[in-house]
1. When all protein chains stay in place, what accessible area (Å², nearest 10, 1.4 Å probe) is found for residue A:17?
2. Have a look at B:184, B:33, B:18 and tell me which one the Gaussian network model of chain B (Cα, springs below 10 Å) gives the largest fluctuation.
3. So, with a 1.4 angstrom probe, what is the percent of accessible area on the range A:91-203 that is carbon and sulfur?
4. Ignoring ligands and nucleic acids, what accessible area does residue A:59 show with a 1.4 Å probe (Å², nearest 10)?
5. Give me the accessible area per residue for the range B:79-222, probe 1.4 Å, as a whole number in Å².
6. Once you order the gyration tensor axes a ≥ b ≥ c over the Cα atoms, which shape class does chain B get: rounded for a/c under 1.5, otherwise prolate or oblate by comparing a/b with b/c?
7. Under the convention of a label 7 Å out along Cα→Cβ, give the distances in nm from residue B:165 to the same position in every other copy, shortest first.
8. Evaluate the charge dipole of chain A about its Cα centre and quote only its size in Debye, nearest 20, assuming +1 on the Cβ of each Lys and Arg and -1 on the Cβ of each Asp and Glu.
Protein chains: 2
Amino acid sequence: MATGARHTDRREDALSRERIVDAAVELLDIAGESGLTFRALSAQLKTGPGAIYWHVANKSELLDAATDAVLSAATTGDHAGSPAERIRAVALGLFDAIDQHPWLAPQLANNPWKSVTLQLFDRVGQQVQALGVPSPAQFTSASALMIYILGAAGQNAANAANARTQQPDGDRAALLETESAAWERLDRAGYPFLHDIAAQFREHDDRAQFLAGVDLILAGITALRPQG
Amino acid sequence: MATGARHTDRREDALSRERIVDAAVELLDIAGESGLTFRALSAQLKTGPGAIYWHVANKSELLDAATDAVLSAATTGDHAGSPAERIRAVALGLFDAIDQHPWLAPQLANNPWKSVTLQLFDRVGQQVQALGVPSPAQFTSASALMIYILGAAGQNAANAANARTQQPDGDRAALLETESAAWERLDRAGYPFLHDIAAQFREHDDRAQFLAGVDLILAGITALRPQG
DNA sequence: ACCTGAACACCGTTCAAGT
DNA sequence: ACCTGAACACCGTTCAAGT
């Protein structure tokens, strides 16, 4: 990218785990998981592929480190407010992080119970407790929220990636239009529901839809509380 | 695997797309997505790797076909019952299919709106309509259910895969024990919630937990209905 | 202690050549 | 029309050898 560097072309800094992880995140953001290659990485860092293995055990560890770096930077911020508002804040933070770094989605899906994810799970769980959910139902409630948040954010990222691949200029509106039109063309007998909501789907806003889902689960949590 | 085949070692059948897909599913079930290789596949089918390309465009199409084959076989069955019961049946069908074929999870996460997924989405949506959800909320409700179902089933499959990798004999109980003990060792100040529910986590049943989440969302859907 | 870069054992995919 | 199998352009990872 930055081709402007003129004279002294010697390595400006020693290789370090941090520089490697930063470069990895850059590659991942530009070209997705398949764009992160030890050869591309070493080219960008002006080393041989073997050098990276001195600082990082393998590609899996590198992906974990990249995930940690991006996610811990994106989720610091301790919003105040009601329990529901705080849960929405965590949810939106994750949604936006995955939207900006779509490679996070499979990474988070494949290994839950990693430290950053656990912190977020705990934050959600604390607010579930603050909502007055009795102890036996807390795990179910916090899990359902977490699963929905990660799943919806991941689907959103996948849709964006598919839009970039399938449509000429990566237009989200065009993808919605195509999909919605396809639903309208389905026979009403076989797909009555899709037929009905095709128009709704065409005009929906991903972020708003995501938050509506969070609120739906929050309503369920509240509804199942003993006090009703 | 089957080394017992004696005489006539000529190819018993011509190659066909169906035979290729069946063999692909077999490889995927045994060794996961990384086990599906055009070389392994052609070895099992006693051909060259190039032959497969006559019937299948590329690996992505092969994975799609394998997903279709497994999922359409696993989700036929038109249970009767209340809308909630029917939704639970679809949910359990998907949960079990992904549990038995863990490679389905990333496949379904990466391309929603594929024909089989659309059928299931429509089935869920029909029951949402049967529950009396007003039109504007139908898409949110069905989406939330679908996202939760796919997400929870995927996490369950990922956990099972990790248990197989990390623990000596792939013991799920051992993984739960290890994880739960780790949560109890976390400091109470930083992770109050995890600390509290560690014991619950140790004893939870994945399938029951999954259904409890479905019911939680159903409760939310019901709670947000106009009639209350 | 840290880096180099050739080498190994794999991939998906293509394509001339065969039947 | 369908299959063969060598070849191409990649991978992640290792490791003797250098500094």
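The values are calculated or read from the model by the stated rules, or taken from the named source; none is laboratory data. Being a predicted model, the structure only gives us computed values, none of them experimental. Using ideal geometry, Cβ is built from the backbone for each residue, glycine included, and neighbour counts are taken over all protein chains shown. Side chains included, ligands, DNA and RNA excluded: accessible areas come from the protein's heavy atoms. Shrake-Rupley method; radii C 1.70, N 1.55, O 1.52, S 1.80 Å.
1. We get 100 Å² for residue A:17.
2. B:184
3. Details: 2340 of 4480 Å².
For the range A:91-203, the apolar C and S fraction of the accessible surface comes to 52 percent.
4. 70 Å²
5. Numbers: 5710 Å² over 144 residues.
That works out to 40 Å² per residue.
6. Oblate is the answer for chain B, as a/c is 1.5 or above yet b/c matches or exceeds a/b.
7. Between copies, matching label points for residue B:165 lie 2.2 nm apart.
8. On the way: 19 positive and 27 negative charges, 104 e Å.
Charge dipole of chain A: 500 debye, to the nearest 20.
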